[in-house]
Every structure is written in C-alpha cells, then in structure tokens.
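Take a look at the structure set out below.
The values are calculated or read from the model by the stated rules, or taken from the named source; none is laboratory data. Small disclaimer: the values here were computed from a predicted structure and weren't measured. In this analysis, Cβ positions are derived from the backbone assuming ideal geometry, glycine residues included, and neighbour counts consider all displayed protein chains. Surface accessibility is based on the protein's heavy atoms, side chains included, excluding ligands, DNA and RNA. Shrake-Rupley method; radii C 1.70, N 1.55, O 1.52, S 1.80 Å.
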Amino acid sequence: MALGRLKAGRIALHHAIDKDGYQVRPAAYKALSELGDKKSLAYFLSGTKAEDIEVIAASYEGLGKTKDPAGRELIISQGLNSEYVIVVASSIRGLAYNKVPGDVSLLEKFLKSAEEPEIKDAAVEALSIHGSREALRVLEENVKEQPELSAKILEAIGKNPSLAATFSLIRLNEIIEDEKLTKLIGENLLRKKAFGKYAIVLVQDDFLRLEPNERSRPVSYVKAKEIGLVLGESKKEFAVRLGEEIITDKYMQLKMESTIPGSRSPFTTGWIFYPKIEIIEVKKLGDDNEEK
C-alpha cells in the first residue's frame, strides 16, 4: 500500500501478485491501481476475473487509469453492472480517467439516480476526475440539488488542480449563502494556491474580443456569471456606449473557458470592457494589501 502511495514499485507489485499469498495480493492490487500503469494492463484484466471482491474492484479502477479502449469497454459492459457496490463504485472512478466527453451523462445518471451513498460518492469523485467543463457544471448543479452532498462536491472540485475547477469554486462562492460552505470554498482555493484576480461577468450576453475595442473580432461568447482569470489591463481608457450612457474606462484581458465548438484549447484569451465585469481577488493568508 505504501508503494501505491509513493507511485512506485510496479515490478515489485507484479512480483507480489505472482508469488505472495492471499493477504498480500489484494493490497498489491490496490497499490497497482494507484499507479494505473499501462504496463499492468494484463494484471488488471486478470484481476477482473478474480474471486476476491477487493481485487476485482481495484482492477476495474486500474483499468480505467490505463486509458486502454478495451479496458473502458470492459468497465462499461461488466464493471458498472456488477452486483457488488464496491466494484460499481471503483468502475465509476475508473471510467472517469478516460475523460471521454460522452461519459459525463452516464456519470451524472449515477450521481442523481443511485440509492447507495458509496456510488453517489464515487460519482462525485469521478466527475471531478473527468474535469471537463460539462462534468464540473454537473457538480455545480448538484450542490443545490443534493445539499447533503455539498461538502463532498466542494472537496472533490478542490482536489482537481485545473483552472476550470478554480472557476467552479469561485462561481459557487458567488451563489452559496451557507457560511460553512463558503468557508470550505475558501479553504480549497487556498489549498489550490489559486491566488490572483478573477473577473465575474455582469452582462447577460457579450464577447471576449481580440483587441481592446468594441469593434474588434469576437474570440468567444460570454454570459452573466461566467468566470475569467485577469491577465492584465489596457494602457489607456476607451469610451463605450452601455445602454443610453457613454462610459469611459479601461479594458481587461481575461483567460476564460472557450465556448467555440471544436476548439483545440479549453481556454481562450481576450479583452472585455471593465464596467461589464466585477473583480474579486484570492489572496494569500496574512496579505496586508487592502486593495479590493
């Protein structure tokens, strides 16, 4: 188990499975599952046919981590249909590592429909592991739809190191009123070291633009409550008509999730007029800077 936590010792673990007794074998499989090395594929395939339920469960999760297409098919056809909750839960997590967009709806189904708490918890973890825009949005929706899972969902999102997960936490912080949950969000942002300035879009429909100019080419569609990372601001101010008023202010350069279908990158960078956003800042503990 220590080798698994150290993410090392694959050959030693293979040897333990081949040579050691029934007490060592399940622990070796669990450790091997932590590694998820594709060179262990044959062991995982063999483990799905074992008699020990813990070995079977670890094997399905390990199969998922190898991202092998045959392993994914085995997870869907057999692992998710197991009569044992521990095997289904491990299969759900294993499936997420493949990061196939079409699997999000299946993971969402387990989150919303499963009766067993272990399977719901596994679905929460799996959606965070999948980490796509769609998967994270499912988790955000269920913070309110399934309040009993709120804390677990926030912790799961917090474990995802991606910028998209940071955006999810900040977005949730703006709508959640429970102080315990907002405190948990703050703790997760600090743990992620997500320090910096972020922008919350205030207008309902607008665009990020290639240059700081309302006539510049749009690079991505944005809508209210979307989150962006602030990269900088324009050197000069511009006059822009907002409704019936003409307002003079700077443009802010943001990094946001791309809304362009088929985009190669999940993020895009562009400019938006400052009055169309609100800036919040995540600071390090003990920071004496009093600026907003």
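With a 1.4 Å probe and every protein chain kept in, tell me what percent of the accessible surface of the stretch 56-207 is carbon plus sulfur.
Details: 3590 of 6830 Å².
The C+S portion of the solvent-accessible surface of the stretch 56-207 is 53 percent.
Rounded if a/c is under 1.5, else prolate if a/b beats b/c, else oblate: with a ≥ b ≥ c from the C-alpha gyration tensor eigenvalues square-rooted, which is the stretch 30-82? Provide the component values of the computation, followed by the final result.
Working: a/c = 1.71, a/b = 1.08, b/c = 1.59.
Judged from the Cα gyration tensor, the stretch 30-82 comes out oblate (a/c at least 1.5, b/c at or above a/b).
Cut-off under 20 Å on the C-alpha distance; same-chain residues fewer than 8 positions from Lys235 excluded. Which aspartates and glutamates are left, in chain and number order?
The qualifying aspartates and glutamates are Glu211, Glu214, Asp249, Glu278, Glu291.
How long are the three semi-axes of the equivalent ellipsoid of the stretch 12-55, in whole Å, if each is the root of 5 times an eigenvalue of the C-alpha gyration tensor, listed from largest down? Could the numbers behind the result be given before it?
Details: eigenvalues 41, 29, 17 Å².
Taking √(5λ) for each Cα gyration eigenvalue gives 14, 12, 9 Å.
Helix 85-96 versus the longest principal axis of the chain: what angle, 0 to 90°, nearest 10, using Cα atoms?
50 degrees
Using a 1.4 angstrom probe, figure out how much accessible area the stretch 50-89 has per residue, in square angstrom, rounded to the nearest whole. Intermediate values should be presented prior to the final figure.
Working: 1790 Å² over 40 residues.
On a per-residue basis, 45 Å².
What is the helix-to-structure angle for 133-145, meaning the angle in degrees between its Cα long axis and the longest Cα principal axis of the chain, kept from 0 to 90 and rounded to the nearest 10?
Roughly 90 degrees, rounded to the nearest 10.
If the only charges are +1 at each Lys and Arg Cβ and -1 at each Asp and Glu Cβ, what is the size of the charge dipole of the chain around the Cα centre, to the nearest 20 debye? Walk me through the numbers before you get to the answer.
On the way: 44 positive and 46 negative charges, 244 e Å.
Around 1180 debye, computed over the chain.
Can you tell me how much longer the chain between Glu115 and Thr182 gets when fully stretched, taken as 0.36 nm per residue apart minus their C-alpha distance, in nm with one decimal?
Numbers: separation 67, 0.36 × 67 = 24.12 nm, distance 2.75 nm.
Working it through step by step, the gained length comes to 21.4 nm.
Which order do you get for Asp249, Asp178 if you rank them by accessible area with a 1.4 Å probe, largest at the top? Mind dumping the intermediate values first?
Numbers: Asp249 40, Asp178 75 Å².
Largest to smallest exposure gives the sequence Asp178, Asp249.
Per DSSP H run of at least 4 residues, take -39500 (n - 2.57); add these up for the chain, divide by its residues and hand me the 222 nm value, nearest 500 deg cm²/dmol. Display every interim value, and only then the final one.
Values: 13 runs with 141 residues, N = 292.
Theoretical 222 nm ellipticity from helices: -14500 deg cm²/dmol.
Can you bin every Cα-Cα distance in the chain into 5 Å intervals starting at zero and give me the percent of pairs per bin, rounded to whole numbers?
In order of increasing distance, the bins hold 1, 5, 11, 13, 13, 13, 11, 10, 8, 6, 4, 3, 1, 1, 0, 0 percent.
Quick check for me: using +1 on Lys/Arg Cβ and -1 on Asp/Glu Cβ, what's the dipole size of the stretch 168-292 about its Cα centre, in debye to the nearest 20?
Values: 22 positive and 22 negative charges, 133 e Å.
Taking the Cα centre of the stretch 168-292 as origin, the dipole is about 640 debye.
Can you tell me the orientation of helix 24-35 relative to the chain, as the angle in degrees between its alpha-carbon axis and the longest Cα principal axis, to the nearest 10?
Taking the Cα atoms of the chain, the angle to 24-35 is about 20 degrees.
Which shape class, rounded, prolate or oblate, goes with the stretch 75-166 when its Cα gyration tensor gives a ≥ b ≥ c as root eigenvalues, a/c under 1.5 marks rounded, and past that a/b bigger than b/c marks prolate? Please list the in-between numbers first.
Values: a/c = 1.88, a/b = 1.32, b/c = 1.43.
Oblate, since a/c reaches 1.5 and b/c is not below a/b.
Hey, how many Å between the Cα centroid of the stretch 190-244 and the Cα centroid of the stretch 80-152?
Their Cα centres are 32 Å away from one another.
Assuming a viscosity of 1.567 mPa s and a temperature of 4 °C, what translational diffusion coefficient in µm² per second does Stokes-Einstein assign to the stretch 147-237, Rh being the Kirkwood radius over Cα pairs? Please list the in-between numbers first.
Values: Rh = 14.7 Å.
In µm²/s, the coefficient rounds to 88.
Quick one: the Cα spread of the stretch 98-148 along its three principal axes, in angstroms, biggest first?
Taking the Cα atoms of the stretch 98-148, the three principal extents are 26, 19, 14 Å.
Where q = 0.15, 0.19 Å⁻¹, what log10 of I(q)/I(0) comes from the Debye formula for the stretch 1-150, counting one point per Cα?
Here the Debye-derived log intensity ratios amount to -0.72, -1.06.
Quick check on packing: order 235-244, 68-77 by the mean number of other C-beta atoms within 10 Å, highest mean leading.
Working: 235-244: 10.4, 68-77: 16.4.
Highest mean packing first, the order is 68-77, 235-244.
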